[in-house]
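The values are calculated or read from the model by the stated rules, or taken from the named source; none is laboratory data. The structure displayed is predicted, hence computed values, not measured ones. Heads up, the Cβs are rebuilt from the backbone with ideal geometry, glycines too, and the neighbour counts pull from every protein chain shown. Heavy atoms of the whole protein, side chains included, go into the accessibility calculation; ligands, DNA and RNA do not. Shrake-Rupley method; radii C 1.70, N 1.55, O 1.52, S 1.80 Å.
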Amino acid sequence: MADARIAILFSGRGSNLQALIDAVSQSDFPAEVVLAISNRPKAPGLEIASKSGVPQSVIDHKDFQSREDFDAALDEVLHMAKVDYVCLAGFMRMLTPGFVNDWRGKLVNIHPSLLPAFKGLHVHERMIDSGVKIAGCTVHFVSAEVDAGPIIGQAAVPVLPSDSAETLAARILEQEHKLYPACLRLLAESKARLSGGSVPFDSSVIATGEISNPPTEKT
Ligand code: GRF
């Protein structure tokens, strides 16, 4: 079977972009990153794409009158590149229901919480403030409702008494960089798929992380 053709959409730093590019570059990974797209011309992640030799495209949302126009341009670029799967990796732009529907089952996102808990923004601060003891990250299919689509995989980490939002974010990010490539592999191998609004449990679930009891600080 031909390698799955992947596009990665990002808006900022691009550490998940890097993790996906690195994973896919391994010879046994059944996918290739054919395009990295940023909606921000100054996104630091563009440098990562350049250094990795991945074709990149900037589609600046400020150049478009409406979300529909922006998404139409995005859709065209993705089709021109014959993309099979689209990975959102810190893509800070709401996609229209039409776009999400057109790419249903092909569009995935990573979110730094154990969904369905802590959807939305400022997740790490909110987790610390809430007093939860377990945090983590989720890779899921994208649906029209933000951070609510069917879950492909999750990784858990402890929340430590000494944590700030920054230290917790760093611990979760370490897991994101493992979980996202693992989930992408499942997609590329057609082992994870959307079926009737959910991801069949047997073929797809990834549950991983570094939870221990009692939680221990890393030295
Ligand atoms: C990650 O924490 C990801 O879960 C969230 O946005 C952040 C992007 O970070 N959706 P990076 O740009 O991949 O470093």
TODO: Just round it to a whole percent: the fraction of Cα-Cα distances in segment 69-158 exceeding 16 Å.
DONE: 55
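Can you give the Rg/Rh ratio of the chain, where Rg is from the C-alpha atoms and Rh is the Kirkwood radius?
0.96
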Open item on the list: With every protein chain kept in place and ligands, DNA and RNA left out, what is the accessible area per residue of the chain? Probe 1.4 Å, answer in Å².
Closed with: 49
TODO: Pick out, in residue order, every one of the GluC sites (Glu not before Pro) in segment 83-178 that is DSSP loop and has at most 16 other C-beta atoms within 10 Å; say none if there are none.
DONE: Glu145
Task: Charge dipole magnitude, Cβ of K and R +1, D and E -1 - the chain, Cα centre, debye nearest 20 - done: 120
Task: Estimated [θ] at 222 nm from DSSP helical runs (n ≥ 4, -39500 (n - 2.57)) normalised by residues in the chain, nearest 500 - done: -10000 deg cm²/dmol
Open item on the list: Number of Lys pairs in segment 15-137 with C-alpha atoms less than 28 angstrom apart, excluding same-chain neighbours closer than eight positions?
Closed with: 14
TODO: With the full set of protein chains in place, find how many percent of the accessible area of the chain is carbon and sulfur; take the probe as 1.4 Å.
DONE: 53
Task: DSSP-defined beta bridges in the chain - what % are antiparallel, rounded to 5 - done: 35
Open item on the list: Let me cross-check Lys119: its accessible surface, 1.4 Å probe, with only protein heavy atoms counted, in Å² to the nearest 10?
Closed with: 70
